[in-house]
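The values are calculated or read from the model by the stated rules, or taken from the named source; none is laboratory data. Keep in mind that what you see is a predicted model, and the values were worked out from it rather than measured. Please note: Cβ atoms are built from the backbone with ideal geometry, for glycine as well, and neighbour counts cover all protein chains shown. All accessible areas refer to the heavy atoms of the entire protein, side chains included, with ligands and DNA or RNA removed. Shrake-Rupley method; radii C 1.70, N 1.55, O 1.52, S 1.80 Å.
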Amino acid sequence: MSPELLKNKSNYKNVLSIIDSADWLLFITTFIRRNNLITKLYWSYLLAGFVGFIYIFFSNELIAIDHRLWIVGLTGGLLFSLLISPVLHELLQALCFKVYGASSIKFNWNWNLFRFNIQANDFVLSKRNYYLICIITFLIFSILPFILAFFTNGIWLFGLLSLSFFHALYAMKDLAVCSYLYKFANCYIYSSEENKTIFYKSLP
């Protein structure tokens with residue numbers, strides 16, 4: 001759907017507008033705690049990650065491993081999560097936006113949210129396509145490293161577990177948007193040229 005058609009169609013209504021970092025911060029803290037299928041899956045994943053770490057810890061007797069491996073592995077995973085995976089995450093999302101028709105995309109670092117952001121200008125994305133993009137990035141940067149950790153050891157094990165956990169925290173914004181969209185059967189996300197994000201829902 002084109003931006004002009006979405007904004008001019010009488011059966012779609014603007015239900016929420018997000019302008020700056022303060023709005024996003026409030027949005028994330030509000031909707032990541034909503035009780036729905038999206039948030040249940042998200043928090044269940046974090047719990048599964050914790051249980052998985054405990055299992056690996058005891059089954060491989062990691063307590064006997066040199067503490068330097070812990071420090072290097074966990075720190076390496078954290079640094080990768082802060083410096084590299086966010087860039088790859090957003091570049092992959094930007095590529096998906098291009099596939100779905102975005103003509104112009106801006107990149108910036110948001111210190112308030114402590115994350116690398118992309119903003120597609122004058123672009124509309126459906127709920128279904130947004131869900132698909134979020135699933136792809138979460139699979140690649142959180143679930144896949146967690147699974148691979150079970151087949152590694154030493155520094156790689158700690159690094160992959162660290163990456164899996166910290167990327168899941170980084171993806172909280174995406175999951176909060178999915179949580180918000182969950183209550184609407186048919187909705188769209190519009191990114192304006194003024195860095196404003198607007199959610200539209202269909203009227204009955």
Square roots of 5 times each gyration tensor eigenvalue, C-alpha, the range 162-204, largest first, Å: 26, 15, 5
message: Taking the Cα centre as origin and putting +1 on Lys and Arg beta-carbons and -1 on Asp and Glu beta-carbons, what dipole magnitude results for the range 100-204, to the nearest 20 debye?
response: 220
- request: Taking all protein chains together and a probe of 1.4 Å, list W43, W156, W109, W24 from the most accessible to the least accessible.
  value: W156, W43, W109, W24
Phi to ³J(HN,Hα) by Karplus 6.51 cos²θ - 1.76 cosθ + 1.60 over the range 195-202, Hz, x for Gly, Pro: 6, 9, 10, 10, 9, 10, 10, 7
query: Could you give me the ³J(HN,Hα) list for the range 95-108, computed from phi with Karplus coefficients 6.51, -1.76, 1.60 and θ = phi - 60°, whole Hz, x at Gly and Pro?
result: 4, 5, 4, 4, 4, 8, x, 5, 8, 9, 10, 10, 10, 7
- prompt: What are the extents of the Cα atoms of the range 84-174 along their three principal axes, listed from largest to smallest and rounded to whole Å?
  reply: 47, 28, 17
